[in-house]
Amino acid sequence: MNSRNILICPVFNEEKNLFAFYKRARESFSGDMLFIDDGSTDSSSFFLEKIRDNNTFLLTHTKQMGYGKALIDGMRYSVEHGYEKVVTIDADLQHDPFILHTFFKRLDDSDVVLGSRYISLNKYLSIPLDRLVVNRFIMQLFDLLFSFTVTDPFCGYRGYRRSFLEKSIFKEESYGFALEVLMEMIRLNVDYFEVPVEMKYIDFSRCFHNGFDDTKKRLLHYLDVIERKRRELISEDILV
């Protein structure tokens, strides 16, 4: 694997999964890895120190700053250190690192590669209903407002070329970051490709943080992110 590739992994309280995730990732990817510990309160920081090697790096937030903030910091690190291809993946084992090579390969021809858990209908079966409904609603909203077709607006398994990250403006530090990425893709009119990924819900007790486990609050937050970015695109004459 080209040394100018990097895998970015945001972490918050993943002590149960980190060793297994790291081992699985290293079975298919020998390049640089960057973990961003977003203020974990469990033993994640201890495990992250244990798995560090010459190709594994760590950024640490002293307090929880948000999922989006972790990814923004990771992307900034990748640009500053000259990586050409960047793939992001959560460290909770819901996505299989074994197909990392597919994301990096697809970045040869696309500016952004989006993982999708919803390309095949049989993937829906294990997904909590509230998340499926929100996902479908946002998907249809993007199609209606922007004629932008994407089957999974929220999947954290994604790949980016350096050129896209250098031109993008990211401000959303919470869960709406995934949607901000899509809006930046629209603004920059980039080429993208969707890769089918399997969703594995291992722990159904897992929840969103900072009150976003409330479906209504989460949806309103998503709509606010979309509207803010939509106004920006209108002000730049990208949308009418």
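Val87 falls short on exactly one of the conditions (1) farther than 20 Å from Arg161 by Cα; (2) touching a Gly at 6+ places or on another chain (Cβ under 6 Å); (3) of a type in the set (A, V, I, L, M), and that condition is (1).
The set of residues from the range 166-175 being closer than 22 Å to Phe104 by Cα and crowded, with 19+ Cβ neighbours inside 10 Å comprises just one member, Ser168.
Which ones in the range 31-86 are farther than 23 Å from Phe19 by Cβ, free of Cβ contacts under 8 Å to residues at least 60 places away in the same chain and among the aliphatic types (A, V, I, L, M)? Matches in the range 31-86: none. For the range 48-66, indicate whether the set of residues that are within 15 Å of Leu100 (Cβ to Cβ), of a type outside the set (Lys, Arg) and surrounded by fewer than 22 Cβ atoms within 10 Å (Cβ to Cβ) is non-empty. For the range 48-66, residues within 15 Å of Leu100 (Cβ to Cβ), of a type outside the set (Lys, Arg) and surrounded by fewer than 22 Cβ atoms within 10 Å (Cβ to Cβ): present.
Quick note: the coordinates plus some simple rules give every number you see, no bench work behind them. What you see is a predicted model, and the numbers here were worked out from it, not measured in a lab. For neighbour counting, all protein chains shown are included, and Cβ atoms are generated from backbone atoms with ideal geometry for every residue, glycine included.
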